[in-house]
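Nothing in this text is a laboratory measurement; each read-out follows from the coordinates by a stated rule. Keep in mind it's a predicted model, so treat the numbers as computed, not measured. A quick note on method: Cβ atoms are made from the backbone with ideal geometry, for glycine too, and the neighbour counts reach across all protein chains shown.
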Amino acid sequence: MRIQGARGTVRSVLVGTALVLAVAVVPAGTAGAAPPAPPGVPDLGPNVHVFDPSMPVAEIQAAVDAVYARQVDNQFGTERDALLFLPGTYGSEATPLDVRVGYYTEVAGLGQDPGAVTINGGVTATGQNGSGALNTFWRSVSNLTIHVVPTADGCHTGNEMWAVSQAAPMRRVHVEEYTTFMPYCENPNFASGGFVADSRLQGGALNGSQQQFYVRNSDLGAGWSNGVWNQVFSGDLNAPPQDFGVGPNQYTTLATTPVSREKPYLYVDASGRWNVFVPSAQQNSVGTTWAAGHTPGRSIPIGDFFVATPNSSLAKINSALAQGKNLLLTPGVYDVDRTIAVKRADTVVLGLGLATLTAQNGATALSVADVQGVDIAGLTIDAGPVNSRVLMQVGSGQDKGGPHVADPANPTALQDVFFRIGGPHLGKATVSLEVNSDHVVLDDIWAWRADHGNGVGWTQNTADTGLVVNGDDVTATGLFVEHYQKYEVIWNGERGRTVFFQNELPYDPPSQAAWQHDGIPGWAAYKVGDQVRTHQGWGMGSYIFMNQGLDIHEAHSFEVPVTPGVQMRDLVTVFLDPTNGNGTIEHVVNDTGGSASKANPDVPVDVISYP
């Protein structure tokens, strides 16, 4: 990510009867501008690389290798890339295609279903020696089939290796052979926090060293092996049985996912027309959306989108949204000094290549009005150096007590939306995400106050809370919130549900006095409001590691009202890294559960059911 994006050259390729766009990467600085795209093909900019199956494998391999070379070590750079594959087959047993995936790189098929694109080879995300996959963030793979064919680097490609941590989702992927989420080629081989949805891992999967992991609405084929502290499955076929707190693997297994909405995606139809498909919401669902045919939902022509670049004015973006357009953000970093305002129901905002909005001058980067059915997906939102009250707001919070426009059959959804306070640069924001609307689905959210990178320190990248939920009937499926300075999550709405929660407390409080309130040491990672009467949580973990050399205490990681309607299941705390850290979590939830400290390092402290 630290390397400037390469330019692209455009070829017109005849597929069936339709002209489609193929972009081959050439070195940055090549003279001459790319010619305009053929009619009917969107101009997605130079960092969207579109391949078709008629291209020589060597040419495609060179293109994806050039992107990887730029992005492999570019953790906090400004470059963004999307590698998109038109329907067809890529690579072969004799000449496999190895798509190595670095930072800020999206790999996706452009068929309507995962079977439309097959890669013979692999789509590979790996760790690094020295840290394993603990920092393997900000990349994705989706909507294709992988037939594993080992390449010269047999260690990484003998299986499908997607060894990642947070903000690196696998969606709508069919892997025919074995899949590993553990970076077993690296030393150490740690990993921390994967997310898989709507996928078929036909050959089974190795969880291995993953400290926590969430798999939703997938088919695990030949099965799932190993577990560490918090492994959660909901609505999966061939999932392992529940054994949290009583077996060796710490598995939380739900037969169904209570509510879900899959991420929108680009596809090219049989006539060569480009569209965005928006899957329908599901209730109490099991398995993939595409096992029995096309995913249910609606298709939106690309012409109904305003296709933005980082040079697009915010006035034009907001004008297009107000006139009923949807928004497609091409790869890049967008400086946002006024709010991008979504005001109409059923609007789709889709980012490519982990497009990033950076709040400037204390702005709220993105807001959604009190409307239903909005979908926001594939975005990273960074705080800027001037404090923002909130980085993203869903619902104004002003309609409580009046008529609610929310619809459980058509919920607003956020998929793969990631927040950062510091890391690329100094950033400050009081709250990262505030949800005031009812019937909202939060699917794979990572809110991260940076523990490393640029602008990092207790008084530098300041941030109180990652997520505040004031709306009712909000469901989180895959919620990651880390290192905030007060309550990390505050949930005030009724009938909230969280399936899988991962948290690390802040590493850097300079003293106990700096991190306490009302005579209580520390701040809970997950706070359910005292007035709430109905709330449910499953498979929720919070970990402590203090790097200031002080034994700073937290009273409890989960703080909830004691009432029959608040039900918490499979909670865990862990003390991390006794060699380099300190700190103590005194109880798991309220005053229940044992202590996590140096006395029991790397050992889960469980509460199976509360109350």
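Histogrammed with a bin width of 5 Å, the alpha carbon distances of the range 7-261 distribute as 1, 6, 13, 18, 19, 16, 12, 8, 5, 2, 1, 0, 0 percent, first bin at zero. Counting only Cβ charges, +1 for Lys and Arg and -1 for Asp and Glu, the dipole size of the range 162-237 around its Cα centre is about 180 debye. A simple rule links phi to the HN-Hα coupling: the Karplus curve 6.51 cos²θ - 1.76 cosθ + 1.60 with θ = phi - 60°, which for the range 168-185 gives 9, x, 10, 9, 6, 10, 10, 9, 6, 10, 6, 10, 10, 9, 10, x, 6, 7 Hz, with x for Gly and Pro. Semi-axes of the equivalent ellipsoid for the chain, computed as √(5λ) from the eigenvalues of its C-alpha gyration tensor and ordered from largest down, come to 36, 27, 24 Å.
Once the piece of chain linking T339 and R533 is laid out straight, how much longer is it, given 0.36 nm per residue of separation minus the C-alpha distance between them?
66.4 nm
Where the convex hull is taken over the Cα atoms of the range 547-591, what is its projected area averaged over directions, in nm²?
3.6 nm²
With the alpha-carbon atoms of the range 420-495 aligned to their principal axes, the span from lowest to highest coordinate is 38, 19, 14 Å, starting with the largest.
When only alpha carbons are used to place a centre, the range 197-273 and the range 458-515 end up 24 Å from one another. Quick one: net charge of G594's neighbours, Cβ under 15 Å, K/R +1, D/E -1? Spelling it out: positives minus negatives among the neighbours equals -4.
Computed from label points 7 Å out along Cα-Cβ, the spacing between I520 and S280 is 4.3 nm.
The HN-Hα couplings worked out from phi for the range 495-503 by the Karplus form 6.51 cos²θ - 1.76 cosθ + 1.60 (θ = phi - 60°) are 6, x, 9, 10, 10, 6, 9, 10, 9 Hz, whole numbers, x standing for Gly and Pro. Residues of the range 149-163 with an amide N closer than 19 Å to a point placed 7 Å from the Cα of T89 along the Cα-to-Cβ direction: 149-151. Using the Karplus relation 6.51 cos²θ - 1.76 cosθ + 1.60 with θ = phi - 60°, the per-residue 3J(HN,Hα) values for the range 355-370 come to 3, 10, 9, 10, 5, 10, 6, x, 6, 7, 5, 8, 9, 10, 6, 7 Hz, with x marking Gly and Pro. Legend: P(r) of the range 293-348 from all alpha carbon pair distances, 5 Å bins from 0, whole percents, reading 4, 18, 27, 24, 13, 7, 4, 2, 0. Can you return the aspartates and glutamates within cross-link range of K343? Criterion is Cα-Cα under 15 Å, with same-chain partners fewer than 8 residues away left out. Here the aspartates and glutamates satisfying the reach criterion relative to K343 are D370, D375, D399. Centre-to-centre, using Cα atoms only, the range 152-193 and the range 312-386 are separated by 32 Å. In this rough spin-label picture, where each label sits 7 Å from Cα along the Cβ direction, the N387-D551 distance is 3.3 nm.
Here the spin labels are modelled as points 7 Å beyond Cα on the Cα-Cβ line, and at S511 and N189 they lie 4.5 nm apart.
Grab the beta carbon distance between Q128 and K316, set R0 = 45 Å, and tell me the FRET efficiency rounded to 0.05. With R0 = 45 Å, the Cβ-Cβ based efficiency is 0.65.
Only helices enter the 222 nm calculation for the chain: every DSSP H run of n ≥ 4 contributes -39,500 (n - 2.57), and dividing by all residues gives -1500 deg cm²/dmol, rounded to 500.
May I ask for the angle, rounded to the nearest 10°, between helix 57-71 and the longest principal axis of the chain, with both axes built from Cα atoms and the value confined to 0 to 90°? Value to nearest ten degrees: 40.
Residues with beta-carbon under 15 Å from that of Y610, excluding Y610: net charge, scoring Lys, Arg +1 and Asp, Glu -1? Walk me through the numbers before you get to the answer.
Details: positive: K527, R569; negative: E559, D570, D591, D606.
The answer is -2.
Over the C-alpha atoms of the range 511-611, the Rg to Rh ratio, Rh being the Kirkwood estimate, stands at 0.98.
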